[in-house]
Amino acid sequence: MSALFDQAVFLKFLAAVLAIFNPLYNIPIFLSMTRDCTPAERRRVAMIVMASVTVIALISVAIGEEVLAVFGIDVPSFRVAGGLIIFGIGMSMLNAQDRAPGDQAAVVDGHARKLNFAVVPLAIPLTIGPGTIAVTIVFSHQLSDGAELVTLGSAILIACFIVGLGLLFADSISRLVGETMINVLTRIMAILLVAVAVEMVLTGIFNAVDAHYPGLTGSVVN
């Protein structure tokens, strides 16, 4: 079983995914978009969001690297690109005075009384987007076949469950935590994201150089 489950990768991936999902950050958006919904409809929206995010993330784990191969993209290049995307997300979260313009537009658009906003934009791209998919593919490349599904799949299920709980109890959490604390926690998660992004970019560059110029990185280190 230990060969199928990597605890270090699991914890690191779970922290990165939770930072990107940032369940508290989406609570004000969720409450605004469901302001005219009944409690039953709001619960339904929360469940649809959780299910959609889970399915998309698991698909990324299962076939994400194969999709890259179809387009002729190697993992080191994707690692650098993903790191840059996540760095942008982290800096946006870190510097934002309020919700990002795209998020605010989603709030305005969501005032209409319809539940199809559960998938777009609540699930995609506000909860899971390019950054999450990039992290998933990069981490899956570090694991052997089978281990990626057990290790990353477990982390995804836990992260999505936390997201679902956050939306199901959005009213209570919003009153308990408050907007100020949500902003503080968002900044903390942003710092974590930036750190993950820097590591992804540096590792991607190192691997790319090593793949195209074997021995060069070793000689530089020595």
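The values are calculated or read from the model by the stated rules, or taken from the named source; none is laboratory data. Quantities reported herein were computed from a predicted structural model and do not represent experimental measurements. Cβ: placed from backbone, ideal geometry, glycine included. Neighbour counts: every protein chain shown. Just so you know, the surface numbers come from the protein's heavy atoms only, side chains and all, with ligands and any DNA or RNA stripped out. Shrake-Rupley method; radii C 1.70, N 1.55, O 1.52, S 1.80 Å.
Taking the Cα centre of the chain as origin, sum charge times position over the Cβ atoms of Lys and Arg (+1) and Asp and Glu (-1), and report the length of that vector in debye to the nearest 20. The partial results should precede the final answer.
Details: 11 positive and 15 negative charges, 149 e Å.
Dipole about the Cα centre, nearest 20: 720 debye.
For the chain, the longest principal axis of the alpha carbon atoms and the long axis of helix 75-95 meet at an angle near 40°.
Over region 1-78, accessible surface divided per residue gives 48 Å², non-protein components excluded, 1.4 Å probe. Dipole orientation for the chain: of the candidates Y213, M91, F161, F161 has the Cα lying most toward the positive pole (charges on Cβ; Lys, Arg +1; Asp, Glu -1). Taking a ≥ b ≥ c as the square roots of the eigenvalues of the Cα gyration tensor, region 1-60 is prolate, since a/c reaches 1.5 or more and a/b is larger than b/c.
Label separation (A3 vs R43): 4.5 nm, computed from points 7 Å beyond Cα along the C-beta direction. In the assembled protein chains, S140 presents an accessible area of approximately 0 Å² (probe radius 1.4 Å).
Taking the helices alone, the chain has a mean residue ellipticity at 222 nm of -26500 deg cm²/dmol, built from -39,500 (n - 2.57) per DSSP H run of at least 4 residues and averaged over all its residues. Nonpolar atom fraction for region 1-42, defined as the carbon and sulfur part of the 1.4 Å probe accessible area, stands at 64 percent. Over all orientations, the chain has a Cα convex hull whose mean projected area works out to 13.7 square nanometres.
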